[in-house]
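Working notes, beginning with the structure itself.
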Amino acid sequence: MKNKLMDFSELGIRDTAQTESSSQLPPVATPATIRPGDIAIVGLSVRMPLADDAEQFWNNLLHGLDCTRDLPEQRRQDADNYISRKMNPGEDTKYLDGSYLEHIDTFDYPFFRFTPKEASLMNPAQRIFMETAWAAFEDGGYTSEKLAGSNTGVYVGLVSDLEGYRYKEMIHDVEPQSLPISVTGNLSCILPSRLSYLLDLRGPSMVVDTACSSSLVAVHHACNAIRLGECDMALAGGVKLNVLPLDKDYYRMGIESSNGMTRPFDDSSDGSGIGEGAAVIMLKPLQDAIKDKDQVYAVIKGSAINQDGNSMGITAPNARAQSEVIVKAWKAAGVDPESIAYIETHGTGTVLGDPIEIDGIKGAFEQYTDKRQFCAIGSVKSNIGHLYESAGITGLVKSVLSLKKGILPAVQHFDRPNRNIDFSGTPVYVNTRNRIWPAEGEPVRMGVSAFGFSGTNCHLILEQAGAVETNSETETREYLFPLSAKTLQALQQYISKYTKYLKTTDHTLADICYTAGTSRTHYEHRLVRIASSKEDLFAQLAELEEGGLESIREQSVPESSQLHLTAHCETYLGGGEVSWPSLYSGEDVRRISIPTYPFEAHRCWIELSAPPSQTKTDASAMENIHHYELGWVPEPERNSDRKLSEGHIVIFMDEKREGKREDLSLRKTLQQQGHQVIEVFDGPSFLQVSSEEYVISDHRESMEQLWAHLKKLTITRIIYIQQDQSFQPFFYLLQEMIGAQSLEPVDLVLLTNPIHSITGTEENVFPQAALMFGLGLAGRKEDARLQCRSIQVDAETSLQDIVAELDHESDDYGVAYRAGTRYIQQFGALDPSAYPKWNYNIRNDGLYLITGGLGGIGLELGLQLAERYPGITLALVNRTSLPAREEWDSIVATHSNEVLAQKIRSVQQMEAAGATVLPYQADISDEASMRMILSELRQKYVRIAGVIHGAGVAVGGDHPLKDRTIEEAERVLCPKVQGTQVVDQLTREDNPDFFVMFSSIATLFSGPGQADYVAANAYQDAYAAYRNQEMDGTMTVNWSTWKETGAAVATGYGVDTLFKAMTNKEALTWLDQVEGRQIERVLIGQMSTDRGMLKMIRNYPFRLSPQVESWIDSRLQRTSSPKAPAPVTPQSVARQDTVLNGADEGEYTPWERKVAEVCQAILGFNEIDIHDSFFELGADSILVKQMYAQLDRQYPGVLVVADLFEHPSVHRLGGYLADKTGHKREKKQVEEPVGGAIALDEEVHSLFDQLEDGKISMEDMLKGLKHI
């Protein structure tokens, strides 16, 4: 017979197919009996990744947002500046992906009465906790004046050993003279005490450190202290930061996931992503809260803590202990286990932890019920990672908001159940969709778990608060609304918080004004308004917000028909005190949750000047440069030394017109030099006029007929003069030349009008000619016999200069003449800060068009804009469409099309960040379709504020020019050429602030098989200058390779080549640095430091700037010198050969020796018996994870973590490795292969040498690298 605690009926929950509004009223629940020990949560505040307050946090949960990302840029810069002082020269700095706060370097130190110096020396955890705690008690309706002298306790979960002293270590390294004054700001025990000191709180104040359960244990102690009368109220919470989240093995704890994401209970889970944040709740007895008319978020019915005792390892979880603590909590709460509708689990997504946790839950429930799958489970770690000591309070806040809002948010990343968990045989199921709590019946109950690897476990029982009857605004009267701050700037921010709040709140104007008057401190800078409705108040505040600081300064005293209100306004604005409760005499008003104080973000960080490597402007600074340009520099020197062998010169030109310089003078001059000249003119069809004159059309057959005649001759030079419609004939010409078997090397010269803006004084530039420019550049890579080059001339270029340039021997592809001056192309670094800015700002209320918006790069850019500019509208135009919105949830849930599902998730994340996203399907080169879309957009949004043209066709694999059809080429050209023209022309009436085009690095560093792609992007390179002659804000970005998304990844080329493949965050950060600058064209990326790649860059047909040349020289000299000693690590100190015991004949396999070496490195034993269990040797789950990480580097993909638990000795794991790698277990020792790393290095450099010698193509090299 099962045990019974209390007789509560089962609580059901139903699904909701659509996301519910976060402003939904709490469900009506039957009030439960108030027990003397019930504790009310009356206020709360959070600061979480991508969420500055509880409402943003809740919206992120509702929309299933995964906050995993790169370390934010400002934090990366601060970390880089510090770490560069400690790392070896040339060592790369990488950071873990995780769920990060945007800023940890800001703090409103004037508000809290700190000096800037004291604040900058204070651990950021203390600063963030202070602001979060302040917001929590304000949210609860309390002021610092009300709390002063009160018996209020402070309980904080904090692990000081890990990150707590990191900031102090930074101070020691950077500013050691300030250590004496930094002590209190970096002691963990001071964190709660500082708040007690600041507010004059007289209750207990303490840090709780039980590792991952710290903050939930802090809540447990706070509740017990209130019950015991040790304090009347309490603030309880936690804070977790990752100040230096280096991606280094020795910084890892061993439970980190491979990609920064957390997948609780999923079969593909491999650990926890790191997270950070702060959360604080305000607690008081429920009966007091009801009496004082406090808002009640939820009720804590009871909680319990215990210890694992002796388990598999000191850090390993214990299912039995977890069961016991859950049962203890039920008993403390006096609830029936069958009434628990949901458990917020610890849910770390680890191979070991998840099955054990389910075993613990099952073991607890089975003591009381046989029911199956009636209780939902989830874990907030799937959204924001593992906050370690703050994990418990974060899960608690999620659960509290769920009870308050009436919705249970879905767990993320649950695709397939962990194969070691049979959910069908348990009382629980994973909650995979948002669910609405029932509106009637018993109050909903939840459990919250937190288990520390210290062995301390905690479980807490929550109950839905009884519904409060809200007042309806049936009676209209005027109310006085006060607002104040310590500075005018903060007051302005406060107004903005209220205009946002008033758009969504369901609270009455009476409760809002009552709380603003009675439950906020009134500071020096004040504002007051008289309003008769929320709409009226919103309109007044919105007008002030629009007017800015001047409107606030010039505010007049509001007038009212109720004279006493006007008098109160005069008193308030004059700095006097108002008796706020008297204004609501006889009214049923109550304290509610309204916006809390807007802290100003003053930077508070130790002063880190940029390290020497970043302040130099010489070659040593190149490794920190991420912006480059292919510019033009004057080079007047020219030697006419190109000697042509005897043969024919062929000149292609447009239709024959007598008297034109190129038609007559060039031919005549060449003939006078003794050359045989053949002219080819544009016409309707092929015609041989004579042996020296032909006419061709722009059809393939015409060029084939011409070439049938020309191939019989010895051709030494072809001069192709720009024509009105030149691309197709030039395309066919290159195909014929490459396909010719007996063709000798030919000097192919492209003679065009100005393509690029060089002096800025060009009357016209002709981007259409850039198609041939790009095609010729790529053609050089297709066939070494094509010695192609380009000469741009303006109207002032003399025939003498043209002829002299034809005879000039040079490796330069691009040469240009402007006003008689000769220019060549030069590749060098670009400093964005040296360029002025256009006069615009991206607006939160603006409409921005992104073509290719549903592609990988378009989505990443859209996400960044959405997160940075809440309220922004993004029109995403793509050639493929998204399905109807009602199908999105199903597609994402079923993973039937993961590519499509990821697009949908990205759009949902943009919308969760506050953006309006408008996906459109269209071919952007179709003028009618684009005109219709833009017309629809303008009807609602008036103006398109900016354009990002990122559409393009991905080209991957080997596409030799000679095998391409013109139709295939035009598909590649279409979005880049016609698409650019259409989007530009149709948006000119909007006069957008910017028009940014995404081009490719291929137009500088092209390879074989990319001819049409290079041509298409070369057009955009030139179009920026063309458009800037009439419009402002045009820029072309030549992207180097993105390694996480985009066309390169889609086609298998997301790897390092001449430039390192960029992460999404790097690419977007470096784009930020040029945004708004008056730069027409920029290459974004980071040059490779590989010796072979550096040597190869000198083979491209342009000059290198002295800075780049010097840097390459220094790198090549550095890599050819003896290697520097390896950095000293704990594992490398006094390492001895591992002594093995346990084999009958004293012989050990190479795999046993390898496992033993890892054991020595991780566990520290120099002598190991091969039959000893890892756990008997002292390994715990974290150490086993570290052992696995090292073995996985030696044997990639061979092992999973569970294998080390299944084969927990040197002998067993070594044998298992031998089997998995295809070797039989042998007793005799086998020589292990040596020199693998050397052989690999030689193979790689052999590939580079072959590439430099022209023996293989870039594609061949990439294939070879993949094979290696």
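Multiply the residue separation of Tyr1195 and Arg85 by 0.36 nm, subtract the distance between their alpha-carbon atoms, and state the gained length in nm to one decimal.
396.2 nm
Between Ala467 and Leu549, how many nm apart are label points set 7 Å from Cα along the C-beta direction? Result for the modelled spin labels: 4.8 nm. Hey, for a label at Glu1109 modelled as a point 7 Å past Cα toward Cβ, could you say which residues of region 824-850 have their backbone N under 18 Å away? Flagged as within label range: 824-830. When region 54-130 is described by a simple charge dipole with +1 on each Lys and Arg Cβ and -1 on each Asp and Glu Cβ, the residue from Gln56, Phe114, Leu101 located farthest towards its positive end is Phe114. Peptides 1030-1039, 363-372 ordered by packing proxy, namely the average of other Cβ atoms within 10 Å per residue, highest first: 1030-1039, 363-372.
Relative to the present Cα-Cα distance, how much length would full extension add between Lys248 and Gln373 at 0.36 nm per residue of separation?
40.9 nm
The residues Asp984, Asp1113, when put in order of fewest to most other Cβ atoms within 10 Å, stand as Asp1113, Asp984.
Restricting the count to DSSP beta bridges whose residues both fall in region 14-464, what percent are antiparallel, rounded to a multiple of 5?
Around 65 percent of the beta bridges assigned by DSSP in region 14-464 are antiparallel ones.
Among 549-556, 275-282, 519-526, 201-208, sorting by the average number of other beta carbon atoms lying within 10 angstrom of each residue, highest first, gives 275-282, 201-208, 519-526, 549-556.
Exposure proxy for Cys189, Cys788: other Cβ atoms within 10 Å of each Cβ, ordered fewest to most, give Cys189, Cys788. Taking label positions 7 Å along the Cα-Cβ direction at both His709 and Ala539, the computed distance is 8.2 nm, reported to one decimal.
Ranked by how many other Cβ atoms sit within 10 Å of their own Cβ, fewest first, the residues Ile1097, Ile384, Ile721, Ile377 fall in the order Ile1097, Ile721, Ile377, Ile384. The percentage of C-alpha pairs in region 230-349 whose separation is greater than 20 Å is 65%.
So which chymotrypsin sites (Phe, Trp or Tyr not before Pro) in region 820-899 pass both tests, a DSSP loop state and at most 15 other Cβ atoms within 10 Å of the Cβ? For chymotrypsin sites (Phe, Trp or Tyr not before Pro) across region 820-899 that sit outside H, G, I, E and B with at most 15 neighbouring Cβ atoms in 10 Å, the list reads Tyr840. In terms of the mean number of neighbouring beta-carbon atoms within 10 Å, the peptides 572-582, 37-47, 989-999 order highest first as 37-47, 989-999, 572-582. Decide, for region 14-464, between rounded, prolate and oblate: order the square roots of the alpha carbon gyration tensor eigenvalues as a ≥ b ≥ c, take rounded if a/c falls under 1.5, and otherwise choose prolate if a/b is larger than b/c, else oblate. In terms of gyration-tensor shape, oblate. Distance between the 7 Å Cα→Cβ label points at Ala928 and Arg1098: 5.8 nm. For region 697-708, putting each phi into the Karplus relation 6.51 cos²θ - 1.76 cosθ + 1.60 with θ = phi - 60° gives couplings of 9, 9, 9, 4, 4, 5, 5, 4, 5, 4, 5, 4 Hz, in residue order, rounded to whole numbers and with x for Gly and Pro.
What is the log10 of I(q)/I(0) for region 413-559, computed with the Debye formula using one identical point scatterer on each Cα and no solvent, at q = 0.15 Å⁻¹? Values returned for q = 0.15 Å⁻¹ are -0.88. Applying 1/(1 + (r/R0)^6) with r as the Cβ-Cβ distance of Asp288 and Tyr197 and R0 = 30 angstrom yields a FRET efficiency of 0.75. Within region 745-783, find all residues whose amide N lies under 19 Å from a label point positioned 7 Å from the Cα of Asp963 along Cα-to-beta-carbon. Only 778-783 fall inside the zone, counting backbone N under 19 Å. Here is the result for region 855-952: no GluC sites (Glu not before Pro) lie in DSSP coil with at most 15 other C-beta atoms within 10 angstrom of their C-beta. Take the residue pairs Lys371/Lys1185; Lys404/Lys1065; Lys168/Lys486; Lys248/Lys1065; Lys117/Lys486; Lys284/Lys381 and return only those whose Cα atoms are more than 24 Å apart. Checking Cα-Cα distances, Lys371/Lys1185; Lys404/Lys1065; Lys168/Lys486; Lys284/Lys381 exceed 24 Å.
For region 68-150, the spread of Cα positions along the three principal axes, ordered from largest to smallest, is 56, 31, 17 Å.
Kirkwood hydrodynamic radius computed over region 134-279 comes to 17.3 Å, based on all pairs of distinct alpha carbons.
The numbers here are math on the coordinates, done by the rules we state, and not lab data. This is a predicted model, so every value here is computed, not measured. Glycine also receives a Cβ, built like all others from the backbone with ideal geometry; neighbour counts cover every protein chain displayed.
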